[in-house]
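Report on the following structure.
The values are calculated or read from the model by the stated rules, or taken from the named source; none is laboratory data. As the structure is a prediction and not an experimental result, all values here were calculated from the model. Cβ: placed from backbone, ideal geometry, glycine included. Neighbour counts: every protein chain shown. Side chains are part of the model used for accessible areas, which takes the heavy atoms of the whole protein and leaves out ligands, DNA and RNA. Shrake-Rupley method; radii C 1.70, N 1.55, O 1.52, S 1.80 Å.
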Amino acid sequence: MDEQEVVAAVPSVKITVRPNGPFRVEGLIALVDVNGVEWDLTGKPAISLCRCGMSSKRPFCDGTHGREGWICDASPIPVEPVALG
């Protein structure tokens, strides 16, 4: 594996699914709407995106999920082995 392949294998963005909370996005990203208009994220090394749909600052999280008791414990679902044969 050459140096270029190693660089490509390192994630440049990390998205954390917070239990009962937002998506926490860290890294260099561009956030655009359906028309391609970009939000100014200058000086923001991380943002939290609304997952509950109740935020008044969508697409950003404003903490409404906590005040409203929204619950969603999203974690990866283990993949069951597939029987062969």
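Taking the Cα centre as origin and putting +1 on Lys and Arg beta-carbons and -1 on Asp and Glu beta-carbons, what dipole magnitude results for region 26-85, to the nearest 20 debye?
140 debye
Heads up, I need the accessible area for K44: 1.4 angstrom probe, whole protein in place, Å², nearest 10.
About 110 Å², ignoring ligands and nucleic acids.
Would you kindly find the accessible area of D73, with a 1.4 Å probe and non-protein molecules such as ligands, DNA and RNA excluded, rounding to the nearest 10 Å²?
Near enough 110 Å² of accessible area.
As a test of reading the structure, rank E38, E80 by solvent-accessible area (1.4 Å probe, protein chains only), most first.
If we order E38, E80 from most to least accessible, we get E80, E38.
Largest first, what is the accessible-area ranking of F60, F23 with a 1.4 Å probe? Working shown, then result.
Numbers: F60 50, F23 70 Å².
Per-residue accessible area, sorted high to low, gives F23, F60.
How large is ³J(HN,Hα), in whole Hz, for each residue of region 57-71 in order, when computed from phi with the Karplus curve 6.51 cos²θ - 1.76 cosθ + 1.60 and θ = phi - 60°, using x for Gly and Pro?
The phi angles translate into 10, 3, x, 8, 7, 10, x, 4, 3, x, 5, 8, x, 5, 10 Hz.
Got a sec? What order do R18, R58, R51 fall in by accessible area at 1.4 Å, biggest, i.e. largest, first?
R58, R18, R51
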